[in-house]
Amino acid sequence: MLMAVRSKLLSRQGLSPVQRVPVISPQGKALMPTKPSRARKWLRDGKAKIYKNDLNVFAIQLIAQPSGKETQNVVIGIDPGKMFSGVGVQSSKATLLKLHLILPFPNITKKMTGRRILRRARRGRRINRKLPYSQRCHRAKRFDNRVQKKLPPSIRVNRQLELRVVKEITRLFPISNIVYEYIKAPSNKGFSPAMVGQKVMLEWLRKIAPTSTIFGWETSNLRQWLELPKDKADKSKACEETHSNDGVALAASHFIKWKKWQSTKAHGGYWDGSVFVTSAPFKVIAKPSIYRRQLHFENPDSQKPNPTQYRKRKGGTVSPFGFRSGDFVQAEKAGQIYRGWIGGYTQTAKSKNVSIYDINWKRIGQFSLNKVRLLKRSTKLLVSGATS
């Protein structure tokens with residue numbers, strides 16, 4: 001009975017014969033991926049089991065020792081951005097994974113702006129401006145905060161999300177190299193926030209695997225030669241054509257190189273090498289926009305008789321119902337099934353409700369507690385298939 005369930009789980013993944021299934025050794029080391037048919041056979045014969053991971057990629061873990069541990073080159077390509085990033089995993093014979101990252105840049109910027117406003121208001125209230133300037137209660141600076149070399153919080157959280165995804169990929173595939181697109185804007189084109197933190201990110205990546213860089217125009221040329229489509233009209237679309245195809249092109253650059261030739265009367269170039277770009281599982285990944293625990297909202301509840309006495313609670317990751325913010329759940333309302341992530345709760349004398357959010361962290365609705373079922377505990381990552 002158990003074998004039948006495992007085979008059914010594999011068939012639900014919708015994997016095509018061209019796609020590959022990650023294989024993990026009994027010790028937890030990533031091996032070369034295999035065909036879905038072979039993975040199905042191993043599950044049926046009890047030689048492997050389902051391997052759970054934070055990226056929700058279907059993978060198997062061997063129960064017995066493998067016959068061989070030889071690996072081929074598997075490369076990660078990263079196309080960084082300000083609002084979205086694309087990641088592709090490629091071997092010479094197949095495309096293994098495509099990812100579209102929704103970066104938390106706007107959420108962090110909004111939170112930092114609110115924090116700055118509140119801090120300045122507190123400092124303004126503390127100062128008695130009726131006194132001479134020399135006698136006012138100005139706090140002396142604790143450090144020179146104008147010459148810091150730290151990354152801005154909004155940029156740091158972008159790079160940390162990319163780094164977290166790369167680490168999760170290395171648990172599934174035997175990564176040999178990483179290719180990172182280096183952004184270099186011309187002097188007359190201004191400055192992009194995506195350029196900030198590139199050197200720090202490269203230092204982090206080099207601790208994981210050998211890392212190389214190529215420029216954006218090189219990625220564009222290679223993507224066109226590989227005939228991978230690019231949607232430039234709306235880059236916010238969570239589809240393969242916006243960013244993940246760039247990640248695949250970056251990873252493919254490890255296997256094919258542009259070589260120039262020149263004669264006495266002409267010159268040109270050609271692509272040297274071999275790589276096969278195939279269909280692959282596509283995932284959309286984001287971070288939950290969770291507020292830290294605070295005493296209350298800044299503004300009182302205007303619906304109460306005396307607004308100055310009522311301020312709602314704000315933030316936190318736990319609830320009195322056993323759910324945590326970021327838990328993946330399934331809920332039912334009016335006979336319709338919804339799936340999303342816990343983002344908060346409300347509790348009154350008459351009802352207990354939890355708020356469920358989608359991949360873009362927009363609230364789907366509030367659901368009664370007895371209509372919600374836990375599917376997966378929070379990993380601080382929101383992972384889903386393609387969205388419209």
What are the pairs with Cβ atoms under 7 angstrom where one residue, in segment 332-346, is touching a residue at least 24 places away in the same chain (Cβ under 8 Å) and the other, located anywhere, is loosely packed, with under 13 Cβ neighbours inside 10 Å and among the basic types (Lys, Arg)? Sequence gap at least six, or different chains.
Gly343/Arg363
Where in segment 222-310 are the strands (runs of 3 or more DSSP E), entirely inside, with at least 1 residues that are within 30 Å of Lys362 (Cα to Cα) and modelled with pLDDT of 95 or more?
282-286
How many residues are in contact with a Leu (Cβ under 7 Å, 6 or more places away or on another chain), part of a loop (DSSP other than H, G, I, E, B) and in contact (Cβ under 8 Å) with a residue 60 or more places away in the chain when one looks only at segment 173-198?
2
Part of a loop (DSSP other than H, G, I, E, B), modelled with pLDDT under 95 and surrounded by fewer than 18 Cβ atoms within 10 Å (Cβ to Cβ): is that true of Leu151 in this structure?
yes
Do we find a residue being closer than 22 Å to Leu97 by Cβ and in a helix (DSSP H, G or I) anywhere in segment 205-214?
yes
Tell me which residues, restricted to segment 81-106, are buried (at least 24 other Cβ atoms within 10 Å of the Cβ) and either small (Gly, Ala, Ser) or at positive phi (or both).
Ser85, Gly86, Gly88, Ser91
Among (1) in contact with a Leu (Cβ under 7 Å, 6 or more places away or on another chain); (2) of a type in the set (A, V, I, L, M, F, W, C); (3) under 27 Å from Ser244 (Cβ atoms), there is one condition Val354 misses while meeting the rest; what is its number?
(3)
For Lys49, state whether it is assigned to a strand (DSSP E or B) and more than 25 Å from the chain's Cα centre (by Cα).
yes
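The values are calculated or read from the model by the stated rules, or taken from the named source; none is laboratory data. These numbers come from a predicted model, not from an experiment. Every residue, glycine as well, gets a Cβ built from its backbone with ideal geometry; the counts of neighbours run over all protein chains shown.
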